[in-house]
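Below you'll find the structure, written out as structure tokens, and then a few comments.
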Amino acid sequence: MQQFTCPYCGPRDQSEFTYGREATSVPALDASAAEWQRFVYERDNPAGPHAEWWHHNHGCRQWLEIVRDTLTHEVLAIRAARPPEDRG
Amino acid sequence: MRYSIFSLVRQAFAGHRGWDEAWRTPEPKKQYDVVIVGGGGHGLATAYYLAKNHGVSNVAVLEKGYIGGGNTGRNTTIVRSNYMLDDNAHFYEWSLKLWHQLSTDLNYNTMFSPRGVLNLAHTEGQRDQYFRRGNRMLLNGIDAEWMTREDIARFIPHLDCSDNPRFPILGGLMQRRGGTARHDAVAWGYARAASALGVDIIQNCEVQGFAREGNRVVAVETSRGRIGAGKVGIAVAGNSGRVAGMVGLKLPIETHVLQAFVSEPLKPMLDTVVTYGAGHFYMSQSDKGELVMGGDLDFYPSYAQKGNIPILEEAVAAGLQMFPILSRVRMMRHWGGVMDMTLDGSPIIAKTPIDNFYLNGGWCYGGFKATPASGWVFAHTIAHDAPHELNRAHTLERFETGHVIDDKGAGPVAQWH
Ligand SMILES: Cc1cc2nc3c(=O)[nH]c(=O)nc-3n(C[C@H](O)[C@H](O)[C@H](O)COP(=O)(O)OP(=O)(O)OC[C@H]3O[C@@H](n4cnc5c(N)ncnc54)[C@H](O)[C@@H]3O)c2cc1C
Ligand SMILES: [Zn+2]
């Protein structure tokens, strides 16, 4: 099975992680309806490198940002979606 | 040449040397009234109905590989119309009606076999949910039938209907008019019938871009040169996002892999289609005796036409719980196809913000059964520049206006549908 190297837990089986969605900036709470519609429903859906949010739900339960090639499944980059220094 | 028992006998005596090519292989013309991108079942059916129902026969179908080589030739061929929401129910029911007379209409044996599709229920909640769906189907004039555990045990003798499994079977929702068909024959039958009406089927012709004038597309740039187009319709399944991206459209679609696998051929043991309700697994038996099986998506976006092993193991585990008799059966082949998953689980067959550019996509893992109706209403939409009655709701704008068609009630997450 493919492994992802979690920045917190090290190399773990892909089946420990759950795909969330494409990584993008989250609209502000008072953003327009059109902006929310684009966030919820529109996708880049590229064949190639794709920045994604994954949840390490059977591990540290942190959200990660993984850049993965959707044609080859190769992981190009992996980091915490929200680094510890950002957390309140 | 019409296919019939007489042509078969005549050819048998002539050593089968006199059969024509099933469809012509022309060079692309400079200009067509309509260019369809994608030579899967949907693109070919669209071209056929454009010519047959609307008299538009100056049509080309452009296929980057060989026709039917996409999801059409990779699918597990379940045909059914057991939907709950009206917009889907009426659309898929029209498709099922077309399936029942397709071989005659096309003069090509699509091997449609209405052997029934049975969804098993394993909990009381699931049973109530199936009652609700079944009742709504009946109200929409679609056949649905509740089978008790005893009915099912008689109907499928090898299915474990005892209390032994982790999730015993309570009963199931059966649609007898559903069944299976031969996937390749659907592509080939539509191609042959469309070609006979004047449609050009052009294989090994990849669409790489579109030439625009204002808000219109005027030509298609392909690996075999530029082809002028009065109107363009795309039916490229898992590649919908890429091809629509060539005209700057962003779609509510993610591309995911779905796998399927077949066993070695066995003697007849299953004469229906049965789906597991406590996980994701389904099975039927092909005419060659192979058990045709499938399960869940791989749950992450992928354009690789191959899948991962954990999903396969999960599907097989569910299959063994249903049919312990299979424990020593060997697998023969395993493959994947790239699904155009929409964010409400229903397809888009619609006009787009570009004047003469039409979209047919978002079939998720259930578009094979839609093939006839999809072609029917997409041809109408292109010919009239307006949707047919049956695809009025399957717009691109529904995601903006909140009129999503979410049969499962799963929400805007592609892999949950
Ligand atoms: C494993 C599996 C099991 C399935 N099981 C079922 C089932 O049991 N029942 C059911 O109803 N559905 C099932 N489906 C779904 C069904 O197969 C599809 O929804 C349906 O076949 C889609 O048909 P299509 O014509 O839209 O796409 P396709 O058959 O994929 O045709 C699209 C064509 O477009 C071509 N194309 C793409 N890009 C370009 C380009 N740039 N230029 C030119 N051509 C291009 C491709 O090569 C392809 O041939 C299954 C799918 C898979 C993969
Ligand atoms: Zn972790």
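With N set to the number of residues, divide the alpha-carbon radius of gyration of the range B:144-220 by 2.2 N^0.38 Å and report two decimals.
In units of the 2.2 N^0.38 Å rule of thumb, it is 2.13.
Using only the alpha carbon atoms of the range B:256-301, find the Kirkwood hydrodynamic radius as the inverse mean reciprocal pair distance, in angstroms to one decimal.
The Cα-based Kirkwood calculation yields 11.5 Å.
Counting only other chains, what is the mean number of Cβ atoms within 10 angstrom of the Cβ of each residue in peptide B:299-308?
6
Please report, in Å, the Rg and the Dmax of the range B:214-308, where both are computed over Cα atoms only.
That works out to 19.7, 61 Å for Rg and Dmax.
When Rg is the radius of gyration of the Cα atoms in chain B and Rh is its Kirkwood radius, what does Rg/Rh come to?
0.97
With all protein chains present, how much of the accessible area of the range B:260-309 (probe radius 1.4 Å) comes from carbon and sulfur, to the nearest whole percent?
56
For the range B:285-369, go through all pairs of different Cα atoms, get the mean of 1/r, take its inverse, and jot down that Kirkwood value in Å.
The Cα-based Kirkwood calculation yields 15.6 Å.
Is it possible to state the helix-based mean residue ellipticity at 222 nm for chain A, with each DSSP H run of 4+ residues giving -39500 (n - 2.57), the sum divided by total residues, to the nearest 500 deg cm²/dmol? What is it?
It lands at -3000 deg cm²/dmol.
Averaged over B:250-260, how many beta carbons belonging to a partner chain fall within 10 Å of each residue's beta carbon?
4
Tell me, what is the percent relative contact order of chain B, built from C-alpha pairs under 8 Å that lie six or more residues apart?
Once normalised by length, the contact order is 22 percent.
With a 1.4 Å probe and every protein chain left in place, work out the accessible area per residue of the protein assembly as shown in Å², rounded to a whole number.
Per-residue accessible area for the protein assembly as shown comes out at 43 Å².
Straight-line reach from residue B:267: which aspartates and glutamates have a Cα under 13 Å away, not including same-chain ones fewer than 8 places off?
B:287, B:290
If you take each beta carbon of peptide A:36-44 and count the beta carbons of other chains within 10 angstrom, what is the mean?
6
Relative contact order for chain A: what percent, with Cα pairs under 8 Å and sequence separation of 6 or more?
Worked out over chain A, it gives 26 percent.
Report the residue, chosen from B:282, B:108, B:358, that carries the largest GNM mean-square fluctuation when chain B is represented by alpha-carbon nodes joined by springs under 10 Å.
In the Gaussian network model the winner is B:108.
Total accessible area buried between chains A and B, 1.4 Å probe, in Å² to the nearest 100?
Answer for the A-B pair: about 2000 Å² buried.
So what are the ³J(HN,Hα) numbers for the range A:57-72, from phi and the Karplus equation (6.51, -1.76, 1.60; θ = phi - 60°), rounded to whole Hz, Gly and Pro as x?
Each residue of the range A:57-72 in turn: 6, 9, x, 7, 6, 8, 8, 10, 10, 10, 9, 10, 8, 6, 8, 10 Hz.
Going out from 0 in 5 Å bins, what whole percent of all Cα-Cα distances in chain A drops into each bin?
Per 5 Å bin, starting at zero, the Cα-Cα P(r) for chain A comes out as 3, 13, 22, 22, 17, 14, 7, 2, 0 percent.
To the nearest 10 degrees, how steep is helix B:41-54 against the longest Cα principal axis of chain B, on a 0 to 90 scale?
On a 0 to 90 degree scale, this one is about 60.
Which entries in the list B:306/B:369; B:29/B:351; B:29/B:64; B:52/B:288; B:64/B:231 go over 27 Å, if you measure between the two C-alpha atoms of each?
Going by Cα-Cα distance, B:52/B:288 fall outside the 27 Å limit.
Please list A:29, B:297 from largest to smallest accessible area, probe radius 1.4 Å, with all protein chains kept in place.
Ranking A:29, B:297 by accessible area, largest first, yields A:29, B:297.
Rank these residues by their accessible area, most exposed first, probe 1.4 Å: B:206, B:150.
B:150, B:206
Considering Cα pairs under 8 angstrom that are at least six residues apart, work out the relative contact order of the range B:296-417 and quote it in whole percent.
About 27 percent, as a whole number.
Provide, for q = 0.06 Å⁻¹, the log10 of I(q)/I(0) from a solvent-free Debye sum over equal Cα point scatterers in the protein assembly as shown.
Calculated log10 I(q)/I(0) at the listed q: -0.29.
Output the 0 to 90 degree angle, nearest 10, between the alpha-carbon long axis of helix B:371-384 and the longest principal axis computed from the alpha carbons of chain B.
Once rounded, the angle reads 30 degrees.
How many angstrom separate the Cα center of the range A:16-77 from the Cα center of the range B:232-249?
21
The values are calculated or read from the model by the stated rules, or taken from the named source; none is laboratory data. None of the values given here were measured: they were computed from a predicted structure. Ideal geometry is used to build each Cβ from the backbone, glycine not excepted, and the neighbour counts take in all protein chains shown. Please note that ligands, DNA and RNA were not included when accessible areas were found on the heavy atoms of the full protein model with its side chains. Shrake-Rupley method; radii C 1.70, N 1.55, O 1.52, S 1.80 Å.
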